[in-house]
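Only the coordinates and a few stated rules stand behind these numbers; no lab work does. If you're wondering where the values come from, they're calculated on a predicted model, not measured in any experiment. Counting neighbours? That spans all protein chains shown, and the Cβs are built from the backbone with ideal geometry, glycine included.
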Amino acid sequence: MTNASRHRGHASPPTPPRVRLVDVAREAGLSKTTVSAALNGTGRLSPAVRERARETARRMGYRPNATARQLRAGRARLIGYVVGEFAGDPWTFLESPYFAQLTSATARAALSHGYALVLLPSGSLQDEWADLPLDAVIVADPVADDRIVGDLLAARIPVFSDRSVEGRPGAQWVDVDAGEAVRKTLDHLAGQGARRPALVLPESTTRFHTGAFAAYRDRCAALGQPERVALATEAGNGPVVRAVEEALGGPDRPDALLVVAEASPPLVLEAARRHGYRVPDDLLVVCVSEDVTATHTEPPVTTLSLRPGEVAEAGIELLVAALELGRDEPDGVLVPTRLDVRESSLRGSGSGSGSGSGR
């Protein structure tokens, strides 16, 4: 006897009936209108009544009818999310500590306002988003030649992105000041005696990376310092570490290193050791990074944080206000960066590590 015949005739357990709003109202001893207002956060209800309605709904497993809510609100409550910088390898952004934190914080902030995040691939999105009922799309770090923002706005889909969309109707932005962040970091390194800082950048045309490069070049020109720039041609630890080694090699050795391309701080330190540097005695190191391993290295690595959590929360506040209040005028916010100074960029801290030192 086969499995199919052995189970033939056994009915599946019946699906329990869906709990309706009227069922919750009857159980709570309230009107349907009162329960609806309590669950939607509207109406002039006492805290006790609102909590009684919500607790009854939770206990009974009530779930609002999403289709009905969409029809009433005129919105699907879906926000698309795409990372422009990773168009060539669309899903690898979740391997980046920065984008992983930015994505999770954005999803969390959106959900707190009743919106769900829909992850979309980078590159040409027409086929992916054309049939989705998206209320808006977040385009994180668009590259210079990216057509996504223009296509979305042409389709009358509100956009949230970086400051490159400033002034465009239907778009809001949140950004950090890349130039100010790099100047602040170079000031810190100069205060520790650095005179030959090297820069490691990704080969990217995003607003942040081009701004960081421009600030570094301006600073070198103003102080008469030589430029020493190495480019990582791809994202990921391997390509960035190779760029770090390029920046550290050669006879004209730098005395400070600013790694803007995202890489694991322990791997950056290891690359310095392989080239005979002691950090921080011979080389001061700062990484633009959200990687928590920076605090557990020897020495701990100074990091420039772009504060992805704050960027996400500010962006969702702007976007939800535009969606629900109907504001069409462009709006934007600058979020300050944070330099977390640790031993890797403090000269004479006494915890330098080099090719001959143990961990």
For the stretch 167-176, take each phi angle, set θ = phi - 60°, evaluate the Karplus expression 6.51 cos²θ - 1.76 cosθ + 1.60, and give the result in whole Hz per residue in order, putting x for glycine and proline. x, 8, x, x, 10, 10, 9, 9, 8, 10
According to a simple spin-label model (label point 7 Å from Cα along Cα-to-Cβ), what is the distance in nm between Val341 and Glu234? 3.8 nm
Hey, can you grab everything whose amide H is under 5 Å from the amide H of Ala256? Only 5+ residues off in sequence or another chain; H modelled, so Pro and N-termini drop out. Arg196, Ala198, Leu284
Could you pull out every residue, at least 5 positions away or on a different chain, whose amide H is within less than 5 Å of the one on Arg77? Hs are placed 1.01 Å off N in the peptide plane, and Pro or chain starts have none. Asp135
Packing-ranked peptide list from 233-245, 35-47, highest mean Cβ count within 10 angstrom first, is 233-245, 35-47
Going residue by residue through the stretch 102-108, the Karplus relation 6.51 cos²θ - 1.76 cosθ + 1.60 with θ = phi - 60° gives ³J(HN,Hα) values, rounded to whole Hz and with x marking Gly or Pro, of 4, 5, 5, 5, 5, 4, 5
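For Glu317 and Thr42, calculate 0.36 nm times their separation in residues minus their Cα-Cα distance, and state this gained length in nm to one decimal. If you can, show how the numbers build up before the last one.
On the way: separation 275, 0.36 × 275 = 99.00 nm, distance 1.95 nm.
Length gained between Glu317 and Thr42: 97.1 nm.
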Estimated vicinal HN-Hα couplings, Hz - the stretch 306-321 in sequence order (Karplus 6.51, -1.76, 1.60; Gly, Pro = x): 8, 6, x, x, 5, 4, 5, 5, 5, x, 5, 4, 5, 5, 5, 4
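Which translational diffusion coefficient, to the nearest whole µm²/s, is obtained for the stretch 120-259 from the Stokes-Einstein equation, given a Kirkwood hydrodynamic radius over C-alpha pairs, 10 °C and 1.306 mPa s?
In µm²/s, the coefficient is 93.
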